[in-house]
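Colleague: Right, I'll just put the structure down here and ask away after.
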Amino acid sequence: MEQQAANEIFLKAFSARNSSAILDLKADHGIGGYGVYFQLLEELAANGGKAGYNAHGLAYKFHTEEWLVCTIIEDYGIFDYTSEEFKLKDEIK
């Protein structure tokens, strides 16, 4: 199941690579922000499609700032999230 979830996540991400959300993320945060986005995808793939939303822990793991993890998860319409977990949206616009 984990491999299937990983395939689905990366296929969605590939399909969304030229979406306005991803282009806005790159414009606002450069390749570093895109790298954090990709690390979030890897985190989801490793956890069956959902991962715990602990911005401090994710920032530490990714060697980045907590605010950047939060803004990528919350502000671009890429992820569905609660205070406890996040996952990739079914459709990224």
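Colleague: Excluding ligands, DNA and RNA, what is the solvent-accessible area per residue of the chain at a probe of 1.4 Å, expressed in Å²? Walk me through the numbers on the way to the answer.
Modeller: Working: 5520 Å² over 93 residues.
Accessible area per residue: 59 Å².
Colleague: Okay, next question. Hey, got a sec? Which GluC sites (Glu not before Pro) in segment 1-66 land in a DSSP loop and have at most 14 other Cβ atoms within 10 Å?
Modeller: Glu65
Colleague: Separate question: Let me make sure I get this right: for the chain, a, b and c are the square roots of the gyration tensor eigenvalues over alpha carbons, sorted descending. Under 1.5 in a/c it's rounded, otherwise prolate if a/b > b/c, else oblate. Which is it? Show your work: numbers first, answer last.
Modeller: Values: a/c = 1.56, a/b = 1.06, b/c = 1.47.
The shape class here is oblate.
Colleague: If you don't mind, another one. Which distance in nm do the two modelled labels at Phe38 and Asp80 give, with both placed 7 Å along the Cα-to-Cβ direction?
Modeller: About 2.7 nm, to one decimal.
Colleague: Okay, moving on. With a cut-off of 8 Å between alpha carbons and a minimum separation of six or more residues, what is the relative contact order of the chain in percent? Don't jump to the answer; show the numbers that get you there.
Modeller: Details: 116 pairs, mean separation 30.7, N = 93.
Worked out over the chain, it gives 33 percent.
Colleague: Give the long-range amide H neighbours of Glu85: residues separated by 5 or more places, or on another chain, with amide H under 5 Å away, using H modelled in the peptide plane at 1.01 Å from N.
Modeller: Under 5 Å from the amide H of Glu85 lie the amide H atoms of Tyr53, each far enough along the sequence or on another chain.
Colleague: May I ask you to list the residues of segment 12-46 whose amide nitrogen lies under 19 Å from a point 7 Å from Cα along the Cα→beta-carbon direction of Glu65?
Modeller: From segment 12-46, the list is 24-40.
The values are calculated or read from the model by the stated rules, or taken from the named source; none is laboratory data. A quick note: this is a predicted structure, and the numbers were derived from the prediction, not measured. For neighbour counting, all protein chains shown are included, and Cβ atoms are generated from backbone atoms with ideal geometry for every residue, glycine included. Ligands, DNA and RNA are excluded from the accessible area calculation, which covers all protein heavy atoms including side chains. Shrake-Rupley method; radii C 1.70, N 1.55, O 1.52, S 1.80 Å.
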